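Notes for the one structure printed next.
The values are calculated or read from the model by the stated rules, or taken from the named source; none is laboratory data. This structure is a prediction, so every number in the text was calculated from the model and none was measured. FYI the Cβ positions are ideal-geometry reconstructions off the backbone, even for glycines, and counts take in every protein chain you see. Keep in mind that these areas ignore ligands, DNA and RNA; they rest on the heavy atoms of the full protein, side chains included. Shrake-Rupley method; radii C 1.70, N 1.55, O 1.52, S 1.80 Å.
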Amino acid sequence: MPAPARTGGDTALPMRDVIRMASDGIHYLTVFDGHSERPIYLARQTRIATADQRIICYARDGGCTRPNCLQPGYHCEVHHSPDWTPHGATDADKLFFACGPDHKRVTDGHYHTSLTDTGRLAWTDGTTPPDINHAHHPEELLHGNTDPPHNDGD
Ligand SMILES: [Zn+2]
């Protein structure tokens with residue numbers, strides 16, 4: 001029997017069922033430049049990320065952005081960086097996936113986050129240099145691309 005496929009919510013299903021379900025699915029194409037009039041930069045207008053902004057997080061992050069966390073995007077909240085309080089913005093390029101426990105840790109100050117030059121979110125607990133999560137980007141490990149370029153401006 002072939003290995004089962006895993007859905008975004010980590011449910012194991014036979015590959016035949018996944019293909020059947022995907023044939024009726026709504027597929028998204030992520031476009032970062034020249035997007036439609038559907039707003040993805042909402043500034044302080046709202047705190048909660050929209051479905052469009054979550055799709056962008058899926059495309060960029062794949063899952064929780066804390067290094068070595070394996071939680072898929074399906075199980076993640078959306079973290080503002082810079083933090084919503086006091087002046088963060090609900091803008092697509094300032095929102096990142098974080099699972100519930102890690103989101104609480106960063107909100108409580110146990111971790112600090114910063115933006116890298118490549119637009120990824122780097123995490124540190126203050127005892128190690130900021131690092132990004134490669135768990136959802138195994139190609140980075142295969143190609144030896146593991147050093148996060150640091151943006152000193154954030
Ligand atoms: Zn996490």
Based on the inverse mean of 1/r over its pairs of different Cα atoms, what is the Kirkwood hydrodynamic radius of segment 84-125, in Å?
11.1 Å
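Provide the FRET efficiency to the nearest 0.05 for the Ala59-Asp91 pair, computing r from the beta carbons and using R0 = 22 Å.
Working: r = 16 Å, r/R0 = 0.71.
Efficiency, rounded to the nearest 0.05: 0.90.
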Any idea of the accessible area per residue across the chain, 1.4 Å probe, to the nearest Å²?
64 Å²
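Quick check on the chain: helices-only [θ] at 222 nm, where DSSP H runs of length 4 and up contribute -39,500 (n - 2.57) each and the sum goes over total residues. Nearest 500, please. Write out the running numbers ahead of the final one.
On the way: 5 runs with 37 residues, N = 154.
Theoretical 222 nm ellipticity from helices: -6000 deg cm²/dmol.
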7 Å from Cα along Cα→Cβ at both Trp84 and Arg20: what's the point-to-point distance in nm?
4.0 nm
Accessible heavy-atom area order of His143, His112, highest first, probe of 1.4 Å
His143, His112
Taking C-beta distances below 4.7 angstrom as the pairing criterion, name the unpartnered cysteines of the chain, in sequence order.
Cys57, Cys76
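Taking all protein chains together and a probe of 1.4 Å, list Arg47, Arg16 from the most accessible to the least accessible. Present the calculation step by step, with values, prior to reporting the outcome.
On the way: Arg47 130, Arg16 190 Å².
Result of the area sort, largest leading: Arg16, Arg47.
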Counting only residues 5 or more places away or on other chains, whose amide H sits under 5 Å from the amide H of Glu77 once H atoms are built in the peptide plane?
Ala98, Cys99, Gly100
Leaving out ligands, DNA and RNA, what percent of the accessible area of the chain is carbon and sulfur, probe 1.4 Å?
56 percent
With a ≥ b ≥ c taken as the square roots of the eigenvalues of the C-alpha gyration tensor of segment 1-120, please select rounded if a/c is under 1.5 and otherwise prolate if a/b is larger than b/c or oblate if it is not?
oblate
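I need to check one value: relative contact order of the chain, counting alpha carbon pairs closer than 8 Å and at least 6 residues apart, in percent. Walk me through the numbers on the way to the answer.
Numbers: 226 pairs, mean separation 29.2, N = 154.
It comes to 19 percent, rounded to a whole number.
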